1. Listed here are the pairs Lys139/Lys173; Lys105/Lys131; Lys101/Lys164; which of them are more than 32 Å apart at the Cα?
2. For a quick check: sort Tyr92, Tyr126 by the number of other beta carbons within 10 angstrom, fewest at the front.
3. Write out the trypsin sites (Lys or Arg not before Pro) in the stretch 109-185 meeting two conditions: DSSP loop, and at most 13 other Cβ atoms within 10 Å of their Cβ.
4. How would you rank Val116, Val165, Val186, going from fewest to most other Cβ atoms within 10 Å of each one's own Cβ?
5. Report the net charge of residues surrounding Ser104, where surrounding means a beta-carbon distance below 12 angstrom and charges are Lys +1, Arg +1, Asp -1, Glu -1.
6. At a Förster distance of 30 Å, what's the computed FRET efficiency of Ile102 paired with Ser76, Cβ-Cβ distance as r, to 0.05?
7. Ranked by Cβ crowding within 10 angstrom, fewest neighbours first, how are Ile10, Ile179 ordered?
8. Please give the FRET efficiency for Asp127 paired with Arg90, using the beta carbon to beta carbon distance and R0 = 30 Å, rounded to the nearest 0.05.
Amino acid sequence: MSDRLRNNIIAGFIVITFWTIFVFPVMADPIVTESTSTSTVSTSTDTNTRVRTNPPSAISPSVSSNNSDVCAMGWSGSVQTQILGISTGRTYRDLNCERLKIASKLYDMGMKVAAVAVMCQDWRTYDAMLKAGTPCPIKGLIGDDAAVEWEKNPQEQPIKEPVKVDKGEWLEKLADGIIAVALMAVLAI
């Protein structure tokens, strides 16, 4: 017998032994698992939605100045409840901004004394110029001549005015405040 034939017989014997020990017993006794499950689901839904009005919305107006040469400040606001919505807006003139722009334009045109004179209409500028030793121009006079003229005419000096309260504006702000508080109270309810 050749070595090759002997190795083939031994290999065949190992394969048959492996199948006999490990594979045939598993194939002979199959594992059977049985499971039964019964489930019944019943769902019933009845939904009815009716929208009679759009949702309320108070939209605040846009109060703005698109041009930087406008000396006005704007504010706006709105309040919305389930029943009532209010929105408002307003602009306010800024007089100091106007004074600065006028002085700037006069200075740009080469009228420096006129620009300083416009700025000196405000008591703060007048006071600063006086403390700096360069009094504001008056009646076309500048320097020491202007200082003498200011001493002769103290009634023309700008004075620090107390804050004036315009009664109509004050009442309007009061009414706006009362309305705002009332609307906030309605919102809290």
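A short reminder: the numbers here are calculations on the coordinates, not readings from a lab. Computed from a prediction, not measured in an experiment: that's the story for all the values here. Note that each Cβ is placed from the backbone with ideal geometry, even for glycine, and that neighbours are counted across all protein chains shown.
1. Going by Cα-Cα distance, Lys139/Lys173 fall outside the 32 Å limit.
2. So the residues, fewest neighbours to most, are Tyr92, Tyr126.
3. Filter output for the stretch 109-185: Lys139, Lys160, Lys164.
4. Fewest to most other Cβ atoms nearby, the residues stand as Val165, Val186, Val116.
5. Its environment carries a net charge of +1.
6. 0.60
7. Lowest count first: Ile10, Ile179.
8. 0.40
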